[in-house]
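Here is the structure we will look at, set down as structure tokens.
Computed from the coordinates by the stated procedures, all read-outs in this text should not be read as laboratory data. A quick note: this is a predicted structure, and the numbers were derived from the prediction, not measured. With ideal geometry, Cβ positions are generated from the backbone for all residues, glycine too; neighbour counts draw on all protein chains shown.
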């Protein structure tokens, strides 16, 4: 139970309060008196609409006043935990980059040197059991460099009481935060993030790409989070959330009864990186950009979009007119020939 003991005291701050302060990201759970902020985060969601299975892959960078802290990920069913090479995010970003269009219209006349161009060309070529307890630990694992513990409970008060029995503060706010997921019989997986850095007032920590695979009635992003403190000792610019949603068609996100305030950067078929493995029916990738700030009262649920039109970034146009090079040596040669011709004509007249 050591891994859970490291996590649960951090969970106690993960309470949902009633005002409209911007939310701290990813249900972070710092120890008492500490603060955690997300500097950057992105996720891949692969949704199999036939088997109703979601694969959720996430990585994030944090700034924290604590050397270690926890974050919670709720899922409708017990997740299968794993790790993915984090390079999939850069590969996906490369696949959706704007198309480059070369505009060759027009003509550009330039003066250059045959000798100089030959030298430059050479340089470029060379450089190229009986009664189940009210609270149950259903799995513990070390995954993606983190300790992970998945819990399930029958009653939010019982879960809060279990946390209290293990030496952690059970507050009404904690019970309220847990109530929705416990009532819906969801599981909560707690991850511990830590650094070996010993000294300092602030720490930068990053997670590897952790993967959770689970059954769900509908695809979702665990967007609901505890609130950030009104005052912060961490000076960070607004962070951006990027979600690659992969399924059989174009989807859109809904936040509770309203729309999710995220833009659609891309939506079209692409060839997925091999590190993501097989994804049956994954013929469409839609990329959402959420630049915050968040008021995270609900999780984001994805539904098929009424408009299945492809969305791509505006092409990058590079103007490259047809170039007509005129070498200096050629001009000099023409001048010499001209002078010689004029001299010959002059001699002929005399």
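Let's test the formula: R0 of 35 Å, r as the Cβ-Cβ distance of residue 345 and residue 319. What FRET efficiency results, to the nearest 0.05?
Working: r = 45 Å, r/R0 = 1.29.
FRET efficiency, residue 345 to residue 319: 0.15.
Just to confirm my numbers, what's the Cα centroid distance between the range 288-350 and the range 59-79 in Å?
47
Expressed in nm to one decimal, what extension gain is obtained for the pair residue 142 and residue 336 from 0.36 nm per residue of sequence separation less their Cα-Cα distance?
Computed gain between residue 142 and residue 336 is 61.8 nm.
Which percent of the Cα-Cα distances in the range 254-300 go past 13 Å?
For the range 254-300, the share of Cα pairs beyond 13 Å comes to 67 percent.
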